[in-house]
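Notes follow once the structure below has been shown.
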Amino acid sequence: VAGPGGGAARGRFAVVGGGIAGVTCAEKLAAEFPSEDIFLMTASPVIKAVTNFKQVSKTLEEFDVEEQPSSLLEKRYPNIRVIQSRVKQLKSDEHKIYTEDGKEYIYEKLCLCAGAKPKLIVEGNPYVLGIRDTDSAQAFQKNLAQAERIVVVGNGGIALELVYEIQGCEVIWAIKDRAIGNTFFDAGAAEFLIPKLTAESQETPIECKRTKYTVQGMEVYEERSTAASDKLGSALGPDWHEGLHLKGTKEFSHKVHIEILCEVEKIHLQQEFIQLQRTSLTFPKGEKNVEPDEVLWPVYVELTNGKIYGCNFIVSATGVVPNVEPFLDGNNFAVGEDGGLKVDKHMHTSLPDVYAAGDICTAAWEPSPVWHQMRLWTQARQMGWYAAKCMVADALGESIDMDFSFELFAHVTKFFNYKVVVLGKYNAQGLGSDHELMLRCTKGHEYVKVVMQNGRMMGAVLIGETDLEETFENLILNQMDLSAYGEDLLNPDIDIEDYFD
């Protein structure tokens, strides 16, 4: 493939990044053009492959992510050439890529799938670890063996999963919101999950309550409740967590303490902390805990609420920053507010013949009213696949329709061993206050929340084995007017699938 005298290698398609988006894109290109060389450039000797893929419903998919040696990929697709080297520079006007090992590659069409890196609270501090996917969360659990106390910062899925996984170690969890797990759900879902954080002896009274509350004034109507003492009402007001802290220390078996509505102000190493002559706190044992800590810790976290805690290390699980560094220099990319490369509805960046997919890109098309971008493995796979389709269509001069996976946001995952399905605008993203929520909750069993606007279903959160995902997916996709059903939409005694099949 190299020119005479070892000049630039030429390939019709090049893909940068060995993660889910890049590998999916390269595989699709390789299958469509079996006689063309597909260059896949990756900084790491392992690639991330999708295994055990299952299409669960029209828009929901489940799969595992597996690290594999890149030789396996080349075996599956003999026309994929994996180039294991970091990209040093892109010269988009010359259609050229320079890698750090001193080679150059000329492409006709290029897809950038270089992913994102953890957003660290501070760079270059050995006591601050970034975590960005559930893989690294598990590896991390192993490094935990020596730690007596850690501070976790962040309130997305990773932080949630991490706090649940950690055993035998005190955790101070600092979140900027009122409720845990904010990227995935609301205070009600958080409260449904919290007992799991603490489950030592789990007794699960089965009771079912349905509530409806509007956003203005948060009025709560108890529909029917077999246990009115256990009201959901307080859970959803601004003070929902108050009741939690009272029994919090007992419930958490002295392991997890949540500091809400705060962020990290400063991080002090041990020496700096000693010079500060300030007081740090012990792990809270009761409500009015202000006991100074006698132990000397390797590192100290000062929170914006004024409290200081010492710990063995800090986990920064505060989201990601798109990996655009090596590509910006000398190229006039349009970049989104979140730092990603803007792509249109055919995954084109603003530069000719350069596409992008996965965490590195920012969806800049006018989205469907029930889809939004989220940097998740499912979207990386869908975008990588769709970007390849677009590259193929452009190469052959054909036209292509927007992929169906961008019609409805749909994601299935597991938290605390519960199946969690989120659909559409499940947190009323972008709906303003013009919406209402309906809830059905059976403690220890399931939690169902529906977001309604003008009688139409806009989103849903399903925790547990609810079997409602396909029905709700259809109701959100076809935007049927459901006003007539009112509260019965969530009545467990009515099999709603019968209505809508």
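Past 28 Å, Cα to Cα, is the threshold; run LYS58/LYS449; LYS119/LYS285; LYS75/LYS414; LYS88/LYS109; LYS266/LYS419 against it and keep the listed order. Provide the component values of the computation, followed by the final result.
On the way: LYS58/LYS449 20 Å; LYS119/LYS285 31 Å; LYS75/LYS414 32 Å; LYS88/LYS109 18 Å; LYS266/LYS419 37 Å.
Over 28 Å apart, Cα to Cα: LYS119/LYS285; LYS75/LYS414; LYS266/LYS419.
To the nearest 10 square angstrom, what accessible area does THR349 show with a 1.4 Å probe?
10 Å²
Between LEU120 and GLU470, how many nm apart are label points set 7 Å from Cα along the C-beta direction?
Roughly 4.7 nm, to one decimal.
Given a 1.4 Å probe, how much area per residue of the range 286-385 is accessible, in Å²? Intermediate results must be reported in sequence, preceding the final value.
On the way: 4200 Å² over 100 residues.
Accessible surface, normalised per residue, equals 42 Å².
In Å, what Kirkwood hydrodynamic radius results for the range 249-359 from the alpha-carbon pair distances?
On the way: mean 1/r = 0.0560 Å⁻¹.
For the range 249-359, inverting the mean 1/r across all distinct Cα pairs yields 17.9 Å.
Quick one: grab the alpha carbon gyration tensor of the range 417-499, order the square roots of its eigenvalues as a ≥ b ≥ c, and give me rounded if a/c is under 1.5, else prolate or oblate depending on whether a/b is larger than b/c. Present the calculation step by step, with values, prior to reporting the outcome.
Working: a/c = 1.59, a/b = 1.21, b/c = 1.31.
Oblate, because a/c is 1.5 or more while a/b does not exceed b/c.
Please report the spacing between the Cα centers of the range 436-451 and the range 22-72 in Å, no decimals.
Centre-to-centre (Cα) distance: 36 Å.
Using a Förster radius of 45 Å, what is the FRET efficiency between SER483 and ALA31 based on their Cβ-Cβ separation? Nearest 0.05, please. Write down the numbers at each step before the final one.
Details: r = 47 Å, r/R0 = 1.04.
For R0 = 45 Å, the calculated efficiency reads 0.45.
Largest first, how would VAL16, VAL321 line up by accessible area (1.4 Å probe)? Write down the numbers at each step before the final one.
Values: VAL16 10, VAL321 55 Å².
Ranked list, largest accessible area first: VAL321, VAL16.
Leaving ligands, DNA and RNA out of it, report the carbon-plus-sulfur percent of the accessible area of the range 417-499 at a 1.4 Å probe. Intermediate values should be presented prior to the final figure.
Working: 1260 of 3090 Å².
Accessible surface attributable to carbon and sulfur in the range 417-499 totals 41 percent.
Counting only protein heavy atoms, what percent of the accessible surface of the range 350-416 is carbon or sulfur at a 1.4 Å probe? Walk me through the numbers before you get to the answer.
On the way: 1220 of 2390 Å².
Looking at the range 350-416 in its full context, I get 51 percent from C and S.
Which order do LYS91, LYS54, LYS48 take when ranked by solvent-accessible area (1.4 Å probe, heavy atoms of all protein chains), largest first?
Order by accessible area, largest first: LYS54, LYS91, LYS48.
The values are calculated or read from the model by the stated rules, or taken from the named source; none is laboratory data. Here the structure is a predicted model, which is why all the values come from computation and not from measurement. Positions of Cβ are generated from backbone atoms using ideal geometry, with glycine treated the same way; all protein chains shown enter the neighbour counts. The accessibility values were calculated without ligands, DNA or RNA, using every heavy atom of the protein model including side chains. Shrake-Rupley method; radii C 1.70, N 1.55, O 1.52, S 1.80 Å.
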